[in-house]
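The values are calculated or read from the model by the stated rules, or taken from the named source; none is laboratory data. Predicted model only: the values in this text are computed from it and were never measured. Cβ: placed from backbone, ideal geometry, glycine included. Neighbour counts: every protein chain shown. Side chains included, ligands, DNA and RNA excluded: accessible areas come from the protein's heavy atoms. Shrake-Rupley method; radii C 1.70, N 1.55, O 1.52, S 1.80 Å.
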Amino acid sequence: MNRKSMHTLEYDRITQILAEHTSTETGKRKALSLLPSCSKDEIETWQQNTEDALKRLLREGSVSFTARDDMKESVARLRKGSFLSAEELLGIALLLENVLRVRSYGKSADDDRDSLSDMFDALSPLSPLCKDIRSCILSADEISDDASSTLRGIRRKQRSVRDRIHSQLSKMVNDTYRSYLQDAVITMRNGRYCIPVRSEYKGTVSGMIHDQSASSSTFFIEPAAIVSLNNDLRQLELEEADEIKRILAELSDKCREHTDEISSDIEIISELDLIFAKGSYALDTKATRPVFNTNGIIRLKGARHPLLPAKTAVPISLSLGDEYDLLVITGPNTGGKTVSLKTVGLLSLMGQAGLHIPAKDKSELTIFDDIFADIGDEQSIEQSLSTFSSHMKNIVEILSSADENSLCLFDELGAGTDPVEGAALAISILSTLHERKIRTVATTHYSELKIFALNTAGIENAGCEFDVESLKPTYRLLTGIPGKSNAFAISKKLGLPDHIIDKAKEQMTEKDSSFEDVISRLEKDRITLEENRIEIEKYKHDIEVLKKTYEHRSEKITESKERILNEAREEAKAILKDAKDLADSVIRDINKSGGDIRTLEKGRTALRSAIKENNTGLPLPPAAKGKHKASDFCVGCPVRIISMDITGTVHTKPDQKGNLSVRCGIMNINTNISDLEMIQETVPVKRSGRSGSKEAGKVPLKARDISPELNLIGLTVDEAIPKLDKYLDDAYLSHLQTVRIVHGKGTGALRSAVTKHLRKVKYVAAFREGAFGEGDSGVTVVEFS
């Protein structure tokens with residue numbers, strides 16, 4: 001990549017910001033030296049690493065990679081056979097502890113692995129080595145007594161000798177030489193214990209003089225009685241130093257065995273530090289991963305310049321390389337042209353360096369081998385170059401180096417010289433780049449370039465919007481419409497007299513004025529379309545809100561409907577259960593009474609009361625109300641009682657109010673014609689037994705719908721027994737003589753429940769297991785009385 005263009009586009013400021021997100025010096029150096037890649041595989045790997053780091057930061061929080069940064073030099077010294085100091089060994093221990101912490105942070109489940117998992121797994125904490133160093137070295141200046149038994153013994157002897165020295169000196173200070181001393185203290189000089197003797201008594205105290213005070217009034221004398229002990233202490237100190245040196249050499253040898261692992265840890269930690277710095281920077285800038293293509297196409301959606309405050313930066317959308325490979329941006333000064341230009345170049349550099357870009361998701365970038373930029377004032381006094389000459393020198397270099405895999409960015413192309421010649425040069429340069437299929441973005445004020453872009457296929461205009469009323473740029477980039485310089489409007493707003501502005505307008509050619517008028521009309525049409533688009537978007541939003549409201553209400557209605565139905569089902573189950581219990585009770589009473597009229601009437605009254613209570617407040621079904629007249633009912637005609645869903649025959653004719661009695665099996669039920677429904681005529685059947693019954697020889701047509709067999713296979717006991725009970729009632733009322741209950745063999749639980757229930761049914765005369773050919777023990781045959 002062209003280093004000068006990278007500096008022009010302020011890429012170095014991005015790397016400086018990135019370096020601030022690192023926590024190691026090695027990682028910082030890597031960030032500052034980070035360069036864009038031209039390899040698609042390498043770029044995709046970097047982008048994936050950044051994306052995975054960002055996900056980990058969001059999921060697990062940040063991690064510190066802090067470690068000593070001179071470890072590479074220590075490892076190099078180990079490889080040469082040198083021994084490390086206590087401070088260097090502690091640095092390795094700190095590194096290994098950090099490696100263990102980072103590896104624990106990066107540990108992930110097998111189904112949650114990402115592109116960073118292998119890097120985390122490759123870290124070697126070397127815990128035994130770290131433990132050995134920590135157990136021997138307490139600080140850079142202190143070695144533990146437990147580092148070796150020899151060191152422990154030497155230090156124990158040192159303490160014993162010191163105690164003896166202090167004991168003798170204390171006796172001298174407090175007794176023998178008390179009157180000769182300047183102060184009653186014990187001190188040290190040149191590593192040997194001394195006492196401070198006044199100068200006039202220095203000859204009285206026998207011993208070695210080691211020092212004297214600045215005023216020569218005090219002499220520091222080592223009494224002869226402790227010289228031998230001081231010598232012993234010094235000898236022990238030398239032995240201690242030798243033992244410490246041996247311990248450090250032993251630890252260095254242990255580290256030397258793992259130099260490859262330590263070097264690998266240092267490199268991986270610094271690489272992870274850089275990757276997580278990229279993720280942290282993406283998090284701070286709300287950046288997204290760009291999609292890379294090799295088709296030479298750029299599609300930026302809502303892109304922001306990364307060095308501008310995110311809250312105030314106006315995002316731009318821009319495409320290049322698809323329908324057109326050259327974009328001419330026009331508009332007023334300070335309108336955002338140069339920022340748009342830099343945004344395209346800088347985001348391309350960032351993307352190719354593995355950084356996410358501050359743009360909307362799915363923004364596309366292509367891979368450039370080089371990016372060239374001619375932006376800013378390049379005037380050079382030292383080289384005697386004017387602004388135009390400096391720009392032209394850059395342009396010449398760009399034209400000689402750029403190819404179809406390059407991106408060229410020009411700010412104010414052709415400026416700094418005669419406008420006519422400058423515009424002609426600019427058109428010629430852009431034509432050359434266009435013919436060579438080099439992706440190019442250029443800014444200009446020249447109308448000639450606007451017309452050139454309008455008339456040339458593969459070249460597009462874009463303009464930076466400017467609000468003339470407020471005299472402020474909106475910084476919005478509008479592709480497809482050339483921008484206006486708005487020099488007259490800005491000058492008038494700033495107070496330039498109208499007559500000067502009018503004279504200036506007279507200086508413009510009719511062609512120029514016509515072109516500016518066209519641009520103005522296009523701008524007005526664009527504003528109108530934009531307003532219409534905003535209004536349509538508002539309508540779409542309102543419709544979407546209404547749609548969501550409707551869907552929400554529909555969901556609530558559905559939920560309410562389900563709830564009401566469930567409640568109704570539960571209530572119906574309860575009513576049916578109560579009705580069955582009452583019916584069973586009435587039947588038991590009738591069976592006990594042997595057909596006593598009073599008992600029968602009492603049972604009917606109880607049934608009517610229960611029916612009336614359950615029907616209170618409930619409207620009759622629409623199909624049942626007013627369907628039949630009193631004259632339609634005659635004694636013996638078959639009917640269905642709607643509220644009870646049972647069939648029977650009319651026993652008495654309706655009275656004036658429509659009340660009548662219906663015979664249902666062995667019971668007479670009083671009801672009203674409004675709760676009756678006519679059914680088909682009964683058909684005669686021949687029955688054996690029960691000849692005394694008035695209904696013998698006739699059976700409701702419903703009997704033909706009652707199967708002589710009930711299949712309970714697949715049901716639980718709780719589901720099967722209610723179904724069996726209702727089936728037995730229907731079969732008995734339909735005058736079936738024998739029925740088969742199919743319950744299967746299975747575990748025997750269902751068969752046992754069926755048998756137990758049959759014993760409780762009064763109108764069951766007998767039951768047995770099925771014979772061979774009838775289903776064996778998987779079937780129970782029931783006979784009615």
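Can you give the Rg to Rh ratio for the range 146-305, taking only C-alpha atoms and Rh from Kirkwood?
So for the range 146-305, dividing Rg by the Kirkwood Rh gives 1.49.
Which residue, chosen from LEU78, SER62, GLY27, occupies the Cα position most advanced towards the positive end of the dipole of the range 13-165, where the dipole is computed from +1 (Lys, Arg) and -1 (Asp, Glu) charges on Cβ about the Cα centre?
Positive-end residue among those listed: LEU78.
If you count only protein heavy atoms with a 1.4 Å probe, what accessible area per residue comes out for the range 709-785, rounded to a whole Å²?
Result: 53 Å² of accessible area for each residue.
Tell me the carbon and sulfur percent of the accessible area for the range 264-357, rounded to whole percent, probe radius 1.4 Å.
About 52 percent, which is the carbon plus sulfur part of the accessible surface.
Pairs of lysines 8 or more apart, or on different chains, with alpha carbons under 25 Å: count those in the range 133-265, would you?
Total qualifying Lys-Lys pairs in the range 133-265 comes to 4.
Under a 1.4 Å probe, what is the accessible area of the range 241-377 per residue, stated in Å²?
Value for the range 241-377: 35 Å² per residue.
Within 10 Å, count the other beta carbons around each residue, average over each peptide in 565-571, 11-17, and list them highest first.
Answer by packing, highest mean first, reads 11-17, 565-571.
Could you order peptides 18-26, 366-374 by the average number of other Cβ atoms within 10 Å of their residues, highest first?
Ranked by mean Cβ neighbours within 10 Å, highest first: 366-374, 18-26.
Take each of the peptides 754-763, 216-225, 337-346, average the number of other beta-carbon atoms within 10 Å over its residues, and list them starting from the highest.
337-346, 216-225, 754-763
Working out 0.36 nm times the residue gap between SER785 and SER389, then minus their Cα-Cα distance, what length gain in nm do you get to one decimal?
So the chain would gain 130.3 nm between SER785 and SER389.
Report P(r) for the range 1-51: all Cα-Cα distances, bin width 10 Å, range 0 to the bin holding the largest distance, values in whole percent.
Reading the bins upward from 0: 24, 46, 30.
If the chain between GLU567 and GLU537 were fully stretched, how many nm would it gain, using 0.36 nm times the residue separation less the Cα-Cα distance?
Here the answer is 6.4 nm.
Which value, in debye to the nearest 20, gives the size of the charge dipole of the range 237-331 about its Cα centre, when Lys and Arg are +1 and Asp and Glu are -1 at the Cβ?
Dipole about the Cα centre, nearest 20: 1440 debye.
Once both labels are modelled 7 Å past Cα along the beta-carbon direction, what's the ASP163-LYS311 spacing in nm?
In this crude label model, ASP163 to LYS311 measures out at 7.0 nm.
How large a share of the accessible area of the range 1-91, in percent, is made up of carbon and sulfur atoms when the probe is 1.4 Å and the other protein chains stay in place?
For the range 1-91, the apolar C and S fraction of the accessible surface comes to 48 percent.
Hey, what's the range 29-120 come to in accessible area per residue, 1.4 Å probe, Å²?
On the way: 4700 Å² over 92 residues.
Accessible area per residue, the range 29-120: 51 Å².
Beyond 21 Å between alpha-carbons counts as too far, so tell me which of LYS450/LYS503; LYS337/LYS540; LYS337/LYS362; LYS28/LYS72 fall in that bin.
Pairs exceeding the cut-off: LYS450/LYS503; LYS337/LYS540; LYS337/LYS362.
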